[in-house]
1. What FRET efficiency comes out for the pair ALA156/GLN94, r = Cβ-Cβ distance, R0 = 51 Å, nearest 0.05?
2. Over all pairs of distinct alpha carbons, what does the Kirkwood formula give as the hydrodynamic radius of the stretch 106-244, in Å?
3. Through the Karplus equation 6.51 cos²θ - 1.76 cosθ + 1.60, θ set to phi - 60°, convert the phi angles of the stretch 364-377 into ³J(HN,Hα) values in whole Hz; use x for Gly and Pro.
4. For the stretch 301-483, with the dipole built from +1 on Lys and Arg beta-carbon atoms and -1 on Asp and Glu ones, taken about the Cα centre, which of TYR327, LEU305, ILE455 lies farthest toward the positive end?
5. Show log10 I(q)/I(0) for the stretch 232-275 at q = 0.16, 0.21, 0.31 Å⁻¹, two decimals, from a solvent-free Debye sum over equal Cα scatterers.
6. Extent of the stretch 4-161 along each principal axis, from alpha carbon coordinates, in Å, largest to smallest?
7. Using alpha carbons only, how many degrees (0 to 90, rounded to 10) separate the axis of helix 317-329 from the longest principal axis of the chain?
8. Mind pulling the angle between the C-alpha long axis of helix 457-472 and the longest principal axis of the chain? Nearest 10 degrees, somewhere in 0 to 90.
Amino acid sequence: MTAVGAVALWWIKRDFRLYDNPAYCRALAEAELVLPVFFLEPSLIRAEDTGRFHGHAQYQALAALQRELAGAGGGARVMAAEVVDGLEQLWREQPFQAIYAHQETGVGYTFERDKAVIRWCRARGVRLVELPQNGVIRGLVERDGREKFWWAYMTAPRPGRAPLRPLPPDVRARWVTPLPEITDLFRPWAGSHDARLQTVTESAAWSVLDSFLQERGLFYRGGISSPNRAFTAGSRLSPHLAWGTISLRAVFQEARQRREALAKSDHPDDARFARSLTAFLSRLHWHDHFIQRLESEPAMEFHALNPVFEQPPYVSGALADDRLAAYLDGRTGFPMIDACLRCLAATGFLNFRMRAMITSFACHALRLDWRVLHPPLARLWLDYEPGIHLAQLQMQAGVVGINTFRVYSPLKQLQDQDPRCRFVRRWLPELAGMTDEQILSGRHDLLAGVAPPIIDFAAETAVMKQFLYERKRSAENRAVQGAVLAKHGSRKAGKPKTVPSGTSRTRRRKAPEVAPVLNDDLFAGMDGDPAAG
């Protein structure tokens, strides 16, 4: 514990919130003076997986947090500096005895940054306290026992709103960065506000959660597969979870409480609503499951989790560059793919099924290396969470070896998920004036003025399928598959029997706490089989 009367820093990273913030609450409980600080790191801004949408999210979240802190007579210092350089400058200006922060699961450069901070703290005799803010376990070697830990964390009493206290006037005058100055620091990175992007603040997060649990969540199950309906049927909480404007635990507990209330209702819609929330709770479980993969194996940013699938027959050189450019610009000649990429570039959002489709298409049809896709796609996701992003890239590329191979047919997805062609027409103005029948036919000779496909889908995917299935059936894969499953495979998702539910009996059969989904298949039991071909 930090000594009484000590000065401590709250290092703000991806936890722009006051409610259920273990690091900030712990700092306030243990130190007499807590100084919030956020580092606008030049190396992070320059990183190849960092984009303008991320600047937008962090600026909004930080500005809103600064207003809340200012309202209580406090505020944060915002520094455009590498973390170790900034810490040294602050320590010389105002010596401190401890730093409180949350445990972050990031990519290679943030991992190296964190190790440099640890070395600096040891050299200066500063105590570094890093606390989990989700159900991801540091140092986990095998998955056995993880479910019990996850459930215990998610159901534990959560801290309320941090008990803010004012900074001494003289400290506040020299510590707090004025909001206009923060705006100026972010402007080169984040640009101007774009109304098509979600607002990422703590108050917005709770408003989005409330609208989902009270209204929109009714349509979650059966609605999130459509790129049209998912903008409202989905929870839309992913940017808030990614940037920490709300905690996963708060969302889980609020959703569980709402589902329990629905289970006691006799309203005809409430049984459907409860089933939707059961599906949603399952997705929350998968959130930490995938981040755990990166936490347990940081090398997955650069190497396949299963070494047998390390070298698929990807294209390279100028051919790969041309295919990637056409893909990112939304001009592959496949309407559903192109509409999704243009939507993503404008809004930072796609529903999960469309995310899986565009990744599968890039890896299996364009035969682009998933490692090449990582940075440009990461820049486009407003809700970029490295662990989830990298896990999904490897899963959709088929290089984990313990998942179902999925090679999506863009035409089938168009016919199934956008049968009236509203989504593709919205994002592909070149389709204006064409009938549904023409667009859905898959015959490009009927789409006058639309560029033809840049690849032969059947031929290219056949090459990848042959490699993937040969590798999966190989003796080498059988030799390593067990180790991959032990370290990264899911266990049955559900509440341990030793933990009481705390709910009373009802006339209606009680839904499971978390939908039991196995083998990392997020589509199991939801809206049918999404893949074809």
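1. 0.90
2. 19.9
3. Running phi through 6.51 cos²θ - 1.76 cosθ + 1.60 with θ = phi - 60° gives 9, 9, 7, 6, 9, 4, 4, 5, 6, 6, 3, x, x, 6 Hz.
4. It is LEU305, whose Cα lies furthest towards the positive end.
5. Rounded to two decimals, the profile gives -0.52, -0.76, -1.03.
6. Principal-axis extents of the Cα atoms in the stretch 4-161, largest first: 46, 40, 34 Å.
7. The helix 317-329 is inclined about 80 degrees to the chain.
8. Helix 457-472 sits at roughly 60 degrees to that axis.
Every read-out reported here was derived from the displayed coordinates using simple, explicitly stated rules and does not represent laboratory data. Quick caveat: nothing in here was measured; it's all calculated off a predicted structure. Cβ sites come from the backbone with ideal geometry, for glycine too, and all protein chains shown count toward neighbours.
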